[in-house]
Amino acid sequence: MHRLAPAREHVVGLYRIVIGFLFACHGAKTLFGVFGAKTTAAVGAWPGWWAAVIQLVCGVLVCVGLGTRAAAVLGSGSMAFAYFTVHLPDGLLPIQNGGEAATLFCWALLAVAFVGPGRFALSNLRALHRTSAPARNRVRANELAS
């Protein structure tokens, strides 16, 4: 066992939180003109407004750890779509075509989808509740038997 293995789930959870937060901020910037945005996307405009909605919603879900894998796959796919439709026509490499953010978000979210939410995810609370219920029942049964 590697000596850093005990910290793995914590690092995965922190990674998920940061990626989700940044992805949500990217969507909020486009939708609401915050974080120094010069313009906003017109409501319903394809693909910018819809991409921003996906970024905001999936980013929040990934950040808090609810439906993490599905949200990460959807977000990753939207970034792949953005890269191939918006950036690739301007050059092959992300450094040439301004697609660094799309590429990084695509691969970072794909990693989250495969690795899972790690620690600090709201979905872990449900699992914790399910696993602790039998233990509480055993304690009560032992108390009644005494």
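What follows draws every value from the coordinates through simple rules; no lab data is involved. Bear in mind the structure is a predicted one, so any value in this text is a computation, not a measurement. Glycine gets a Cβ as well: all are built from the backbone with ideal geometry, and neighbour counts include every protein chain shown.
Annotations for the structure displayed:
- Global form of the chain, assessed from the alpha-carbon gyration tensor, a/c cut-off 1.5: prolate
- Taking label positions 7 Å along the Cα-Cβ direction at both R126 and Q96, the computed distance is 4.5 nm, reported to one decimal.
- Peptide ranges 91-102, 68-79 listed from the most packed, as the mean C-beta count within 10 angstrom indicates: 68-79, 91-102
- Extension reserve of the H2-L104 stretch, reckoned as 0.36 nm per residue once the Cα distance is removed: 34.0 nm
- Here the Karplus relation 6.51 cos²θ - 1.76 cosθ + 1.60, evaluated at θ = phi - 60°, turns the backbone of region 7-23 into coupling constants of 8, 3, 5, 5, 5, 4, x, 5, 4, 4, 4, 5, 4, x, 4, 5, 5 Hz, with x for every Gly and Pro.
- 5 angstrom amide H check on G65, placed H, neighbours 5+ away: L122
- Only Lys, Arg (+1) and Asp, Glu (-1) charged, at Cβ; region 5-121 dipole about Cα centre in debye: 240 debye
- V73 versus V11: modelled label distance in nm, points set 7 Å from Cα along the beta carbon direction: 2.6 nm
- Extension gain, K38-F114: 0.36 nm per intervening residue step, less the Cα-Cα distance, totals 23.9 nm.
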